[in-house]
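Report on the following structure.
The values are calculated or read from the model by the stated rules, or taken from the named source; none is laboratory data. Small disclaimer: the values here were computed from a predicted structure and weren't measured. All Cβ positions, glycine included, derive from the backbone under ideal geometry; neighbour counts span all protein chains shown. Quick note on the areas: whole protein, heavy atoms, side chains included, nothing else; ligands and nucleic acids left out. Shrake-Rupley method; radii C 1.70, N 1.55, O 1.52, S 1.80 Å.
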Amino acid sequence: VPSAQNPAPLIRTGAQAVAVDVVVTHGSDEPVLGLHQQDFKVLEDGELQSIDLFEEHSAADTPAAPQPLPPHVYTNLPAAPRSDAVNVLLLDSLNTAQADQANVRKQIESFLGNLPPGARIALYTLNTRLSLLQGFTNDKGLLQAALLSKAAAPGSAPASRTREDNLRDKEELSMIAEMGAPDALQAHARALDEQASTESGQRTSLTLAALQQLARSLIAIPGRKNLLWFASSFPVSIFPNGSSRQTLPNGREIADSVRLTASLLTQSRVALYPVSAQGILIDSTMNADSGGQPEGDNFERSPLQQSAANSANTAAMEQLASDTGGQALYSSNNLSQAMARAIRNGSHYYTLVYTPSSTKMDGRFHRIEVKLTQGKAKLSYRRGYYADDARAAKTESAADLAAKPASDPLAPLLAHGLPSSTQVVYQARVLPASPQPAPGAPRAGGNTKLPSPITRWKVDFVLDAGSVALDPAPDGAHAGKIELALIAYVSNGEVANWTGNT
C-alpha cells in the first residue's frame, strides 16, 4: 500500500510519433486528390512502418478568423487562421544581387495582384536579420502595402562583394603578376580566397540564424508551412545525404547550427520552396551577343566558372526542396505563375503519422521514404529527422539578463524587431502597477540610471502547458525550470530597461 514513506512506483512511458506531410502530383504538376491510407507505405531506415494516423488536407476558401484577445492582453501566437496550410514569402537580400531584388519585387507584386482565393500569406525579409513585414492574411491590399513599405526596400548585404571590389582584386593580381613575383601572387590569391570564404561563412551563419528564427515563429501554427524563399544563391544544406553531401567547411559551429536548423524546420513542418531570383538559370556566355563574356555581376567569372556556379546553385536548391518536401523553382522567368502553382500544390497534401520501430533518442539521422502502393506520381516530403531528445538539451541559466547578455539563450530571441518565437506559447497582461512606487523608491529592472519621470508596469504571464516540458514526480507533482525575461525598448530601438528571473 503506498504511503508517504513508501510511495507508489512511478512508471513513465512515452511514444515518439513521426508526422510526414506528403504532396502528390502527377506528370502535368497537378495535385492528386482522394488517396487513402492504403495507397501509401512508409519506410524508416529501410524498415516498413505501420501508419497510425492518416489525413488528407485541402485549401479552405474561407479561413476561420482568429479569436480577439481581452484588453491589455498580448500573445506571441501569430494571428494565423487554424487552417491546413499557410504560406510564407521570404525576400532574401542577404544572398541576392540588387538587380535580382528588383526583379523579385516586380514578380511578387504581380502575384499579389492575382492572389489565389483563400491563400494565407505572411511576408518576411532577410538582410543582416530576419524581419516580419506582414503577418498572415489573405488581404492583398495589406500585403501590397507591406511590400512597398520602406522596410521592404531592396538592400545590399554587408557581406557581399561589389563589382568594384572584384575589379580592384583583378587589377592587384595583374600588377603583382607583371612584377614577376610568383610567391607574392600566390599569397595574394590565397588571401582573396580566405576573404571570400570568410564572407561566405558569415552569410551562411546569418542565413541559418534566420531560418531558425523563422521556424521558431511558425512552430505554434498547426499544419504545413510553405516557405517560398527568393534568393540568387542558397548557401546552406540541411540534411545529410551520405558521401554525396559535402560538410560545410566553416567549423563545428556551422555544423551544429545546420543540425539545429534541420530540427526546428522539422518540428515546425516547414517545406522549403527555393525560388531563383534570377529566373531561369542559364550560362550567359552562350548568348550570341555576349561576345563570350558573362553578364551582370558575374562578368569576372570565366565561362566554366559561371556554368559551375549555376550548377552548384541549382543542386543546392533541389537538395533544400527535396530535404523538406518542397519544390525548387528556377526553370521559369514567370515567378508569379510559379509561386501560384507552388502554393496550390503545397495546400493539398496528406499527413502520415507513424510510431518508429526504433525508439532510441540517440541523436542519429533517420531516413524516411514514402511510396505509393500502386500507380506512379511525384511525391514530395521531408526525407528524415534527427532523433534528438529535447529534454536532454543543455541550456544555460541566466537569472540576470543584463549581466550576461551574450550567453543568455533568450537574449538573441528578444532583439528589437525580430518575429516572436512561439516554441513556448504565452499570453501576457500588461498594466501599470497599482499603487505606483514612491518618487524616491529604487528603480525596478537592470537599468538603475533610468531617468524620471517613470511608470512602473506589471506583466502577468499565462503559459500554455502543452508547450512546456515538466518532469513528473512520484507525488503527482510536475517540476521544471522556466526562465522569464523582459526588455523594454524606446521607439528608436534603444533598450530602456530589462529584467529577468528563473
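Details
- Subset of the stretch 105-126 [of a type outside the set (Ser, Thr, Tyr) and within 14 Å of the chain's Cα centre (by Cα)]: Ala122, Leu123, Leu126
- Every residue from the stretch 463-502 that is in a loop (DSSP other than H, G, I, E, B) and aliphatic (A, V, I, L, M): Val468, Ala469, Leu470, Ala473, Ala477, Ile482, Val490
- Neighbours by Cβ (under 6 Å, 6+ apart or cross-chain): first from the stretch 138-165, open to solvent by 40 Å² or more (accessible area, probe 1.4 Å); second at pLDDT 80 or above and among the charged types (D, E, K, R): Asn138/Arg120
- Strands (runs of 3 or more DSSP E) fully within the stretch 1-95 that include at least 1 residues being surrounded by 12 or more Cβ atoms within 10 Å (Cβ to Cβ), polar (S, T, N, Q) and modelled with pLDDT of 85 or more: 18-25, 47-49, 73-75, 85-92.
- Of all positions in the stretch 229-252, none carries a residue that is surrounded by fewer than 24 Cβ atoms within 10 Å (Cβ to Cβ), modelled with pLDDT of 85 or more and in a helix (DSSP H, G or I).
- Applying a threshold of 8 Å to beta carbon distances and a minimum spacing of six or more residues, or different chains, the list of pairs starting in the stretch 443-461 at a residue that is on the phi > 0 side of the Ramachandran plot and ending at one that is surrounded by 13 or more Cβ atoms within 10 Å (Cβ to Cβ) and among the small types (Gly, Ala, Ser) reads Gly445/Ala488.
- Among residues of the stretch 487-502 that are over 12 Å from Gly445 (Cα atoms), those with a Cβ under 7 angstrom from a residue that is acidic (Asp, Glu) and part of a loop (DSSP other than H, G, I, E, B), sequence gap 6+ or separate chain, pair up as Thr502/Glu483.
- Qualifying residue in the stretch 441-458 (condition: over 30 Å from Asn492 (Cβ atoms) and open to solvent by 70 Å² or more (accessible area, probe 1.4 Å)): no
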